[in-house]
1. Read through the list (1) touching a strand residue (DSSP E or B) at 6+ places or on another chain (Cβ under 9 Å); (2) without any contact (Cβ under 8 Å) to a residue 12 or more places away in the chain, then give the number of the only condition that residue 208 fails.
2. Which residues, counting only those in the stretch 19-30, are out of contact with any strand residue (DSSP E or B) (no Cβ under 9 Å at 6 or more places or on another chain), modelled with pLDDT under 90 and on the phi < 0 side of the Ramachandran plot?
3. Could you tell me whether any residue of the stretch 31-47 is aromatic (Phe, Trp, Tyr) and out of contact with any helix residue (DSSP H, G or I) (no Cβ under 8 Å at 6 or more places or on another chain)?
4. Quick one: in the stretch 52-104, of everything that is basic (Lys, Arg) and either surrounded by fewer than 16 Cβ atoms within 10 Å (Cβ to Cβ) or modelled with pLDDT of 95 or more (or both), which residue is nearest to residue 240 (Cα to Cα)?
5. Can you find even one residue in the stretch 174-195 that is under 23 Å from residue 33 (Cβ atoms), in contact (Cβ under 8 Å) with a residue 60 or more places away in the chain and touching a helix residue (DSSP H, G or I) at 6+ places or on another chain (Cβ under 7 Å)?
6. Name the strands (runs of 3 or more DSSP E) wholly inside the stretch 142-257 in which the number of residues that are modelled with pLDDT of 90 or more is 2 or more.
7. Do the conditions hold for residue 273, that is, is it exposed (fewer than 15 other Cβ atoms within 10 Å of the Cβ) and either in contact (Cβ under 8 Å) with a residue 12 or more places away in the chain or under 20 Å from residue 169 (Cα atoms) (or both)?
8. Of all residues being surrounded by fewer than 22 Cβ atoms within 10 Å (Cβ to Cβ) and over 30 Å from residue 284 (Cβ atoms) in the stretch 130-139, which is modelled with the lowest pLDDT? Just the residue, please.
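The values are calculated or read from the model by the stated rules, or taken from the named source; none is laboratory data. From a predicted model like this one, the values you see are computed outputs, not experimental measurements. A quick note on method: Cβ atoms are made from the backbone with ideal geometry, for glycine too, and the neighbour counts reach across all protein chains shown.
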Amino acid sequence: MALTLVVLAAGMGSRYGGLKQIDPVGDHAELIIDYSIFDAIRAGFDRCVFVIRSEIETEFRTVIGRRLEHRIDVDYIHQALTTGLPSGFSLPPDRTKPLGTAQAVLACRHVVNEPFAVINADDFYGADAFRQLAGFLNGQPCDRTDYAMVAYRLRNTLSEHGTVARGICSVTADNWLQAVTEHTAIASSADGIHAHDEDGQRHWLDGEGLVSMNCWGFTQSLFPYLAAEFPRFLDSLARQPSAEFFLPTVVNTLLQRNLCRVRVLPTDTSWFGVTYPEDKPSVRQRIRAMTAGGQYGAPLWGKA
(Lines give C-alpha, C1' and ligand atoms only; values in the text may rest on other atoms or scores of the structure.)
Protein backbone atom coordinates (compact mmCIF):
# COMPACT_ATOMS: atom_id res chain seq x y z
CA MET A 1 0.00 0.00 0.00
CA ALA A 2 1.30 3.46 -0.90
CA LEU A 3 2.23 5.70 2.04
CA THR A 4 3.03 9.41 1.85
CA LEU A 5 5.13 11.49 4.22
CA VAL A 6 4.08 15.16 4.45
CA VAL A 7 6.98 17.30 5.63
CA LEU A 8 6.18 20.76 7.01
CA ALA A 9 9.10 22.96 5.96
CA ALA A 10 7.60 26.43 5.55
CA GLY A 11 8.44 27.65 9.06
CA MET A 12 10.45 30.84 9.33
CA GLY A 13 12.75 29.60 12.10
CA SER A 14 12.39 32.82 14.06
CA ARG A 15 13.85 31.54 17.32
CA TYR A 16 16.68 29.80 15.50
CA GLY A 17 17.59 32.88 13.50
CA GLY A 18 17.77 31.36 10.03
CA LEU A 19 16.53 28.75 7.59
CA LYS A 20 17.21 25.77 9.83
CA GLN A 21 15.61 23.27 7.44
CA ILE A 22 18.73 23.42 5.25
CA ASP A 23 21.37 23.76 7.96
CA PRO A 24 23.66 20.64 7.94
CA VAL A 25 24.01 18.58 11.13
CA GLY A 26 25.83 15.49 9.82
CA ASP A 27 29.54 15.15 9.14
CA HIS A 28 28.81 14.74 5.42
CA ALA A 29 26.46 17.75 5.16
CA GLU A 30 23.37 15.71 6.05
CA LEU A 31 20.34 17.64 7.28
CA ILE A 32 17.92 16.52 9.97
CA ILE A 33 15.36 15.91 7.23
CA ASP A 34 17.76 13.48 5.53
CA TYR A 35 17.56 11.20 8.56
CA SER A 36 13.77 11.42 8.67
CA ILE A 37 13.43 10.56 4.98
CA PHE A 38 15.98 7.75 5.34
CA ASP A 39 14.03 6.26 8.26
CA ALA A 40 10.71 6.73 6.45
CA ILE A 41 11.93 4.89 3.36
CA ARG A 42 13.15 2.00 5.50
CA ALA A 43 9.73 1.88 7.18
CA GLY A 44 7.89 1.64 3.83
CA PHE A 45 6.98 5.20 2.85
CA ASP A 46 7.35 5.68 -0.90
CA ARG A 47 6.34 9.32 -1.44
CA CYS A 48 7.27 12.62 0.18
CA VAL A 49 5.40 15.93 -0.08
CA PHE A 50 7.34 18.98 1.10
CA VAL A 51 5.24 21.97 2.17
CA ILE A 52 7.46 25.02 1.63
CA ARG A 53 7.30 28.73 0.91
CA SER A 54 7.64 29.62 -2.76
CA GLU A 55 10.59 31.94 -2.11
CA ILE A 56 12.75 29.10 -0.77
CA GLU A 57 11.88 26.52 -3.42
CA THR A 58 14.98 26.98 -5.58
CA GLU A 59 17.35 26.68 -2.64
CA PHE A 60 15.31 23.88 -1.09
CA ARG A 61 15.36 21.82 -4.29
CA THR A 62 19.09 22.38 -4.68
CA VAL A 63 20.03 21.44 -1.14
CA ILE A 64 17.45 18.74 -0.40
CA GLY A 65 15.22 17.76 -3.28
CA ARG A 66 17.79 16.73 -5.86
CA ARG A 67 19.47 14.40 -3.36
CA LEU A 68 16.18 12.65 -2.58
CA GLU A 69 14.29 12.64 -5.86
CA HIS A 70 15.88 9.42 -7.12
CA ARG A 71 15.27 7.64 -3.78
CA ILE A 72 11.61 8.50 -3.19
CA ASP A 73 8.85 10.23 -5.17
CA VAL A 74 8.96 13.94 -4.24
CA ASP A 75 6.36 16.68 -4.64
CA TYR A 76 6.38 20.32 -3.51
CA ILE A 77 3.42 22.30 -2.22
CA HIS A 78 3.57 26.02 -1.47
CA GLN A 79 2.18 27.48 1.75
CA ALA A 80 1.53 31.19 1.52
CA LEU A 81 -0.42 33.60 3.66
CA THR A 82 -3.58 33.14 1.57
CA THR A 83 -3.26 29.39 0.80
CA GLY A 84 -6.71 27.81 0.89
CA LEU A 85 -8.39 31.08 1.90
CA PRO A 86 -12.12 30.64 1.25
CA SER A 87 -14.01 33.20 -0.83
CA GLY A 88 -15.22 36.16 1.15
CA PHE A 89 -12.52 36.02 3.81
CA SER A 90 -9.73 38.53 4.31
CA LEU A 91 -6.74 38.65 6.65
CA PRO A 92 -5.52 41.30 9.10
CA PRO A 93 -3.57 43.88 7.04
CA ASP A 94 -0.41 43.48 9.13
CA ARG A 95 -0.39 39.69 9.01
CA THR A 96 2.74 38.42 7.21
CA LYS A 97 3.23 34.89 8.58
CA PRO A 98 1.41 31.82 7.15
CA LEU A 99 -1.48 30.63 9.25
CA GLY A 100 -0.06 27.47 10.80
CA THR A 101 0.40 23.72 10.55
CA ALA A 102 -3.25 22.89 9.83
CA GLN A 103 -3.21 25.30 6.88
CA ALA A 104 -0.02 23.58 5.66
CA VAL A 105 -1.64 20.13 5.74
CA LEU A 106 -4.83 21.47 4.13
CA ALA A 107 -2.70 22.71 1.23
CA CYS A 108 -1.95 19.05 0.40
CA ARG A 109 -5.55 17.93 -0.02
CA HIS A 110 -5.42 17.79 -3.83
CA VAL A 111 -2.14 15.86 -4.07
CA VAL A 112 -2.37 13.33 -1.21
CA ASN A 113 -4.65 10.42 -2.08
CA GLU A 114 -3.43 7.78 0.35
CA PRO A 115 -2.79 7.40 4.11
CA PHE A 116 -0.12 9.85 5.18
CA ALA A 117 2.14 10.89 8.03
CA VAL A 118 2.93 14.48 9.00
CA ILE A 119 6.22 15.65 10.52
CA ASN A 120 8.23 18.85 10.96
CA ALA A 121 11.29 19.25 8.73
CA ASP A 122 13.56 20.39 11.54
CA ASP A 123 12.77 17.68 14.12
CA PHE A 124 14.54 14.34 14.57
CA TYR A 125 11.96 11.67 15.35
CA GLY A 126 13.92 8.41 15.18
CA ALA A 127 13.35 5.22 13.21
CA ASP A 128 10.82 3.82 15.69
CA ALA A 129 8.38 6.65 14.96
CA PHE A 130 8.23 5.82 11.25
CA ARG A 131 8.00 2.07 11.85
CA GLN A 132 5.03 2.59 14.14
CA LEU A 133 3.30 5.03 11.79
CA ALA A 134 3.77 2.74 8.78
CA GLY A 135 2.41 -0.19 10.77
CA PHE A 136 -0.65 1.79 11.76
CA LEU A 137 -1.35 3.34 8.35
CA ASN A 138 -0.91 0.24 6.21
CA GLY A 139 -4.32 -1.04 5.20
CA GLN A 140 -6.27 1.93 6.56
CA PRO A 141 -9.35 2.72 4.41
CA CYS A 142 -9.26 6.28 3.07
CA ASP A 143 -12.50 7.25 4.82
CA ARG A 144 -11.60 5.84 8.22
CA THR A 145 -11.39 8.38 11.04
CA ASP A 146 -8.95 6.49 13.26
CA TYR A 147 -5.73 8.50 13.28
CA ALA A 148 -2.41 8.11 15.10
CA MET A 149 0.12 10.22 16.96
CA VAL A 150 3.64 9.24 18.00
CA ALA A 151 4.12 10.50 21.57
CA TYR A 152 7.44 11.16 23.31
CA ARG A 153 8.37 11.30 26.98
CA LEU A 154 8.53 14.95 28.02
CA ARG A 155 12.01 14.46 29.51
CA ASN A 156 13.25 13.35 26.07
CA THR A 157 12.15 16.53 24.29
CA LEU A 158 13.70 19.43 26.19
CA SER A 159 16.35 21.95 25.15
CA GLU A 160 19.28 22.88 27.36
CA HIS A 161 19.33 26.38 25.89
CA GLY A 162 15.87 27.80 26.46
CA THR A 163 12.24 27.10 27.16
CA VAL A 164 10.04 25.05 24.86
CA ALA A 165 6.32 24.68 24.20
CA ARG A 166 4.87 21.18 24.31
CA GLY A 167 1.46 19.60 23.93
CA ILE A 168 0.88 17.43 26.99
CA CYS A 169 -1.26 14.40 26.16
CA SER A 170 -4.11 12.93 28.17
CA VAL A 171 -4.29 9.24 27.24
CA THR A 172 -6.63 6.39 28.16
CA ALA A 173 -5.35 3.15 29.67
CA ASP A 174 -5.58 1.49 26.24
CA ASN A 175 -3.65 4.28 24.46
CA TRP A 176 -6.35 6.40 22.88
CA LEU A 177 -5.84 10.16 22.95
CA GLN A 178 -8.25 12.19 25.05
CA ALA A 179 -6.79 15.68 24.59
CA VAL A 180 -3.60 17.65 23.93
CA THR A 181 -3.03 20.63 26.23
CA GLU A 182 -0.45 23.18 25.14
CA HIS A 183 2.06 24.35 27.74
CA THR A 184 4.54 27.14 27.08
CA ALA A 185 7.80 28.11 28.76
CA ILE A 186 8.69 24.55 29.78
CA ALA A 187 12.18 24.15 31.21
CA SER A 188 14.22 21.73 33.30
CA SER A 189 15.97 22.63 36.54
CA ALA A 190 17.65 20.78 39.37
CA ASP A 191 14.23 20.49 41.01
CA GLY A 192 12.50 18.98 37.99
CA ILE A 193 10.57 20.02 34.90
CA HIS A 194 8.27 23.01 35.19
CA ALA A 195 6.15 25.41 33.17
CA HIS A 196 4.60 28.80 33.83
CA ASP A 197 0.91 29.57 33.47
CA GLU A 198 -0.58 32.83 32.20
CA ASP A 199 -0.25 34.39 35.66
CA GLY A 200 3.45 33.58 35.81
CA GLN A 201 2.98 30.86 38.42
CA ARG A 202 5.32 27.89 38.15
CA HIS A 203 3.89 24.38 38.18
CA TRP A 204 5.55 21.01 37.86
CA LEU A 205 5.24 18.50 35.05
CA ASP A 206 5.86 14.76 34.94
CA GLY A 207 8.94 14.00 32.87
CA GLU A 208 7.49 10.59 31.99
CA GLY A 209 4.34 12.19 30.61
CA LEU A 210 3.63 11.86 26.91
CA VAL A 211 3.82 14.88 24.61
CA SER A 212 2.93 15.56 21.00
CA MET A 213 5.79 16.58 18.72
CA ASN A 214 3.71 17.00 15.56
CA CYS A 215 4.28 13.43 14.37
CA TRP A 216 0.91 12.21 13.08
CA GLY A 217 -0.72 9.56 10.95
CA PHE A 218 -3.92 10.38 9.03
CA THR A 219 -6.21 9.21 6.27
CA GLN A 220 -7.74 11.46 3.61
CA SER A 221 -10.81 11.81 5.81
CA LEU A 222 -8.95 14.57 7.67
CA PHE A 223 -9.10 17.03 4.76
CA PRO A 224 -12.86 17.80 4.89
CA TYR A 225 -12.53 18.43 8.62
CA LEU A 226 -9.66 20.86 8.06
CA ALA A 227 -11.63 22.64 5.35
CA ALA A 228 -14.64 22.96 7.67
CA GLU A 229 -12.60 24.29 10.60
CA PHE A 230 -10.57 26.80 8.56
CA PRO A 231 -13.38 29.41 8.19
CA ARG A 232 -14.08 29.18 11.93
CA PHE A 233 -10.43 29.91 12.62
CA LEU A 234 -10.44 32.82 10.16
CA ASP A 235 -13.41 34.34 11.97
CA SER A 236 -11.33 34.34 15.17
CA LEU A 237 -8.57 36.48 13.63
CA ALA A 238 -10.58 39.63 14.27
CA ARG A 239 -9.99 38.99 17.98
CA GLN A 240 -6.51 37.43 17.73
CA PRO A 241 -4.72 38.70 14.60
CA SER A 242 -1.56 36.68 15.31
CA ALA A 243 -3.34 33.35 15.99
CA GLU A 244 -2.31 30.20 14.14
CA PHE A 245 -4.40 27.36 12.74
CA PHE A 246 -2.68 24.53 14.61
CA LEU A 247 -3.08 20.87 13.66
CA PRO A 248 -3.33 19.68 17.31
CA THR A 249 -6.10 22.22 17.92
CA VAL A 250 -8.15 20.78 15.06
CA VAL A 251 -7.55 17.23 16.29
CA ASN A 252 -8.61 18.27 19.79
CA THR A 253 -11.82 19.74 18.37
CA LEU A 254 -12.58 16.53 16.46
CA LEU A 255 -11.94 14.46 19.57
CA GLN A 256 -14.31 16.56 21.68
CA ARG A 257 -17.02 16.16 19.02
CA ASN A 258 -16.41 12.38 18.78
CA LEU A 259 -15.62 12.73 15.07
CA CYS A 260 -12.36 10.79 15.22
CA ARG A 261 -10.18 8.62 17.40
CA VAL A 262 -6.41 8.98 17.76
CA ARG A 263 -4.24 6.02 18.66
CA VAL A 264 -1.25 7.09 20.76
CA LEU A 265 1.98 5.34 19.74
CA PRO A 266 4.43 5.85 22.63
CA THR A 267 8.15 5.82 21.93
CA ASP A 268 11.10 6.05 24.30
CA THR A 269 13.25 7.50 21.52
CA SER A 270 14.76 10.89 22.29
CA TRP A 271 13.35 13.62 20.09
CA PHE A 272 15.73 16.45 19.27
CA GLY A 273 15.84 19.51 17.09
CA VAL A 274 17.43 22.90 16.59
CA THR A 275 15.02 25.17 18.40
CA TYR A 276 17.92 27.49 19.24
CA PRO A 277 21.31 27.90 17.49
CA GLU A 278 22.99 26.62 20.66
CA ASP A 279 21.21 23.27 20.17
CA LYS A 280 23.19 22.45 17.02
CA PRO A 281 26.41 21.09 18.66
CA SER A 282 24.32 18.68 20.75
CA VAL A 283 22.40 17.55 17.67
CA ARG A 284 25.64 16.91 15.79
CA GLN A 285 27.00 14.93 18.74
CA ARG A 286 23.90 12.75 18.90
CA ILE A 287 24.02 12.08 15.16
CA ARG A 288 27.68 11.07 15.45
CA ALA A 289 26.86 8.69 18.31
CA MET A 290 24.07 6.99 16.34
CA THR A 291 26.30 6.73 13.28
CA ALA A 292 29.10 5.21 15.35
CA GLY A 293 26.55 2.76 16.77
CA GLY A 294 25.61 1.56 13.30
CA GLN A 295 22.14 3.09 13.08
CA TYR A 296 23.16 5.21 10.11
CA GLY A 297 25.87 5.10 7.47
CA ALA A 298 28.56 7.68 6.92
CA PRO A 299 27.74 9.23 4.51
CA LEU A 300 24.10 8.55 5.25
CA TRP A 301 23.13 7.88 1.64
CA GLY A 302 26.35 6.06 0.77
CA LYS A 303 29.16 7.19 -1.48
CA ALA A 304 28.19 9.15 -4.57
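1. It is condition (2) that residue 208 fails.
2. 19, 22, 23, 24
3. Within the stretch 31-47, one or more residues are aromatic (Phe, Trp, Tyr) and out of contact with any helix residue (DSSP H, G or I) (no Cβ under 8 Å at 6 or more places or on another chain).
4. Looking at residues that are basic (Lys, Arg) and either surrounded by fewer than 16 Cβ atoms within 10 Å (Cβ to Cβ) or modelled with pLDDT of 95 or more (or both), I get 95.
5. No - not one qualifying residue is present in the stretch 174-195.
6. Those strands (runs of 3 or more DSSP E) span 146-153, 164-171, 177-189, 210-218.
7. So residue 273 does not fit the description; no.
8. In this case the residue turns out to be 139.
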